[in-house]
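The values are calculated or read from the model by the stated rules, or taken from the named source; none is laboratory data. All values derive from a computational prediction rather than experimental measurement. Note that we place each Cβ from the backbone using ideal geometry, even for glycine, and neighbour counts take in every protein chain shown.
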């Protein structure tokens, strides 16, 4: 087939991904994808730090095998950045096409931004999934914008997250509703508050929350990092942390390694409060009898940082069809409802419940459980992914 000169010029002007085959555009196309996926093995590189999440993925594997004939292998990782480096190395070695070792990866934030920037992703494909039509793209805009980086169909939303605090109501009857109130609590109860050491994800999130509440120019944080703006935008943050740290656990000279350590220290009574990015974590811990039923969860009154986590397909995945089938199943009402169940995982759904059928909507109903957030606060957008590394480096220079 001859391609006209004008069409060649048009193709040359498009983004790097625009000339790739577009998958799953019609029911007929999706049927072909499901047919191609049958018999494929999908190597899903996903964080393995939670027994609940690992068990959920085992259930997913059984379901996609039963329903679609796709074998799902959970490749257990501790950091998605390792996957980014591996795919980048494969590209540098000329391993394109379907010669990669990763078919699907659990990702968001700076790791997605890096893979998108370096042309390491297959797509666009995500918004053509049949179940994407059920995603709440209006009420949950972060399903299309990952740390202020447009997803453009290169990753499929999987679950929601929002910075949430929890504490025993017997020790903290009036929980702080802002970073300013948290400082006041630390001053009143020295040594009883802390946060994870940066660059731990939860520690960095704590710092970003403080940044959003103190900066004079929050809008600048939604744009790519600017060295010229760094000092002005972040100066109030360092002033706040300088005032806070002397009142923290071990006077801010040491920090717990991660959120799990903070949670255990809170459970032991050493610290007053803990933090999580899963609003249902405390309810999970109460249900498992690892925390008392008097523990309450809350988010700051004016909002806390929130985002969406996603799955993406590397440019050289061997099982691209199988990976799309798995991603579509992860968006199904059955899979989303099971994931949202605090007895299973408690990860909030990305779906618009109002758009579901009555039968599917019923999957999400259930009585409130002890430890769940009583009143959800507004979700504050993440700073642009390019701000993360400079902020972490400056924190380490000052406090590390």
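I'd like to check something: does segment 197-217 contain any residue that is assigned by TED's automatic domain parsing to the domain that holds residue 241 and without any contact (Cβ under 8 Å) to a residue 12 or more places away in the chain?
Step one: list which residues in segment 197-217 are assigned by TED's automatic domain parsing to the domain that holds residue 241, which gives 197-217.
Narrowing further to those that are without any contact (Cβ under 8 Å) to a residue 12 or more places away in the chain: none.
There is no residue in segment 197-217 that is assigned by TED's automatic domain parsing to the domain that holds residue 241 and without any contact (Cβ under 8 Å) to a residue 12 or more places away in the chain.
Which of the following residues is within 26 Å of residue 220 (Cβ to Cβ), crowded, with 16+ Cβ neighbours inside 10 Å and touching a strand residue (DSSP E or B) at 6+ places or on another chain (Cβ under 7 Å): 155, 110? Let's see the steps before the verdict.
On the way: 110 fails: touching a strand residue (DSSP E or B) at 6+ places or on another chain (Cβ under 7 Å).
Sole residue among the options that is within 26 Å of residue 220 (Cβ to Cβ), crowded, with 16+ Cβ neighbours inside 10 Å and touching a strand residue (DSSP E or B) at 6+ places or on another chain (Cβ under 7 Å): 155.
Considering only segment 388-400, I want to know if a residue exists there that is part of a loop (DSSP other than H, G, I, E, B) and more than 28 Å from residue 254 (Cα to Cα).
Initial filter on segment 388-400 (part of a loop (DSSP other than H, G, I, E, B)): 400.
From what's left, more than 28 Å from residue 254 (Cα to Cα): none.
Within segment 388-400, not a single residue is part of a loop (DSSP other than H, G, I, E, B) and more than 28 Å from residue 254 (Cα to Cα).
Quick check on this structure: which one of 197, 171, 192 is farther than 26 Å from residue 393 by Cβ and surrounded by 18 or more Cβ atoms within 10 Å (Cβ to Cβ)?
192
Tell me, yes or no, whether segment 237-246 has at least one residue that is assigned by TED's automatic domain parsing to the domain that holds residue 381 and assigned to a loop (DSSP other than H, G, I, E, B). Don't jump to the end; show me each part of the working.
Initially, segment 237-246 is screened for residues assigned by TED's automatic domain parsing to the domain that holds residue 381, giving 237-246.
This time we only want the ones that are assigned to a loop (DSSP other than H, G, I, E, B), so: none.
Looking through segment 237-246, none of the residues is assigned by TED's automatic domain parsing to the domain that holds residue 381 and assigned to a loop (DSSP other than H, G, I, E, B).
For residue 255, all conditions in the list (1) within 22 Å of the chain's Cα centre (by Cα); (2) crowded, with 21+ Cβ neighbours inside 10 Å hold save one; what is the number of the exception?
(1)
Go through segment 168-199 residue by residue and tally those that are within 29 Å of the chain's Cα centre (by Cα) and within 19 Å of residue 257 (Cα to Cα).
Residues that pass the stated criteria total 8.
From 327, 293, 283, 321, grab the single residue that is at negative phi, assigned by TED's automatic domain parsing to the domain that holds residue 179 and assigned to a helix (DSSP H, G or I). Walk me through it before giving the result.
Numbers: 327 fails: assigned by TED's automatic domain parsing to the domain that holds residue 179; 293 fails: assigned to a helix (DSSP H, G or I); 321 fails: assigned by TED's automatic domain parsing to the domain that holds residue 179.
Residue meeting the stated conditions: 283.
Conditions: (1) under 30 Å from residue 150 (Cβ atoms); (2) in a loop (DSSP other than H, G, I, E, B). Residue 208 meets all but one. Number of the miss?
Looking at each condition in turn, residue 208 falls short on (2).
Can you pull out every residue in segment 385-398 that is surrounded by fewer than 21 Cβ atoms within 10 Å (Cβ to Cβ) and under 21 Å from the mean Cα position of the chain (by Cα)?
386, 389, 390, 392
Residue-wise test of (1) closer than 27 Å to residue 212 by Cα; (2) under 22 Å from the mean Cα position of the chain (by Cα).
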{"position": "287", "(1), (2)": "no, no"}
{"position": "306", "(1), (2)": "yes, yes"}
{"position": "330", "(1), (2)": "no, yes"}
{"position": "347", "(1), (2)": "yes, yes"}
{"position": "350", "(1), (2)": "yes, yes"}
